[in-house]
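The values are calculated or read from the model by the stated rules, or taken from the named source; none is laboratory data. Predicted, not measured: the structure shown is a model, and the values here were computed from it. Positions of Cβ are generated from backbone atoms using ideal geometry, with glycine treated the same way; all protein chains shown enter the neighbour counts. In case anyone asks, the SASA skips ligands and DNA or RNA and just uses the protein heavy atoms, side chains included. Shrake-Rupley method; radii C 1.70, N 1.55, O 1.52, S 1.80 Å.
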Amino acid sequence: MAEVKWIKITTDVFDDEKILLIESMPSADSIITIWFKLLILAGKQNNNGVFMMSNKLPFTDEMLATIFRRDLNTVRLALKAFEEFGMIEVVDNVITIPNWNKHQTLDAYEKKKERDRLYQQNRRKKQKNLIEQKSPDKSSYVAVSDKEEEKEEDKEKENIKENSLSTDSEESFNFEDAWEKTFSIYPKKTAYSTSKTAWMDKVLEVIEENQPDVARLLYKATEAYLSDYQEKNPDDTDFRYIPKYVDWLKNDCDYWLQIAEKRGDCS
């Protein structure tokens, strides 16, 4: 996968308590610079925040000191601070940034809005295809005005249930089976209940009629992530560096939903 051309930095980054604590340390400016250099390197690598050279050789503190053009002792001090504050994790001597995708994906509102737009576009395409099948004479098509469609969408959004999934969507669709099927392919079998809650929250982000499509897409997104991870980390057959599924759903999932949608995997 090509390198990420930009990363997301929030405007209140210097109000973060971890950054505030770092600013009180010796060589604070150098440590903060190293943190941003680390984020940028992760973007260039585009390996889900796992620092591996050519997918085989873990980056060492000496290598980072050379790449960042910083004193080795300062880099070691910075890495120690980052690990203590949970900004990085070292797994089997490999440096990783937990929840890396939050630094490169769209805000939740924008992601939800874009996903709804794509689903509505897909729904209208299906409606058009049904009309074409029933009536070969295009002059007889009944066009639905934008205002009428907007009213229809507003009604659909009002029907979203806040605390439970609709069982009427596509009548025979079984959300429980969809969840079990998706969870079964994820290698880390931990936090079952909290993972299921996070999965249901993702489904409920869209209007009711699109919930079955999201459930299917979550399976495809999970599958795509695991396939990409395996390709980039062929030696990690045990998936040691992947997050728990609940963390993946909350922080990385939206990126892979977009990937799955672009591949046309929502059906």
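Filtered by the rule that a residue be more than 15 Å from Trp179 (Cα to Cα) and among the hydrophobic types (A, V, I, L, M, F, W, C), region 211-247 gives Ala224, Leu226, Phe239, Ile242.
In region 179-189, of all residues being in contact (Cβ under 8 Å) with a residue 12 or more places away in the chain and of a type outside the set (Phe, Trp, Tyr), the one that is least open to solvent (accessible area, probe 1.4 Å) corresponds to Thr182.
Among the residues of region 190-239, count how many are out of contact with any Pro (no Cβ under 8 Å at 6 or more places or on another chain), surrounded by fewer than 18 Cβ atoms within 10 Å (Cβ to Cβ), acidic (Asp, Glu) and within 18 Å of Asn48 (Cβ to Cβ). Of the residues in that region, 4 qualify. Within region 240-254, the set of residues being farther than 15 Å from Glu89 by Cβ and either open to solvent by 40 Å² or more (accessible area, probe 1.4 Å) or not in a helix (DSSP H, G or I) (or both) comprises just one member, Lys250. Within the set of pairs 6+ apart or on separate chains, which have a first residue in region 38-62 that is without any contact (Cβ under 8 Å) to a residue 40 or more places away in the chain, a second that is polar (S, T, N, Q), and C-beta atoms under 6 Å apart? The qualifying pairs are Pro58/Asn93.
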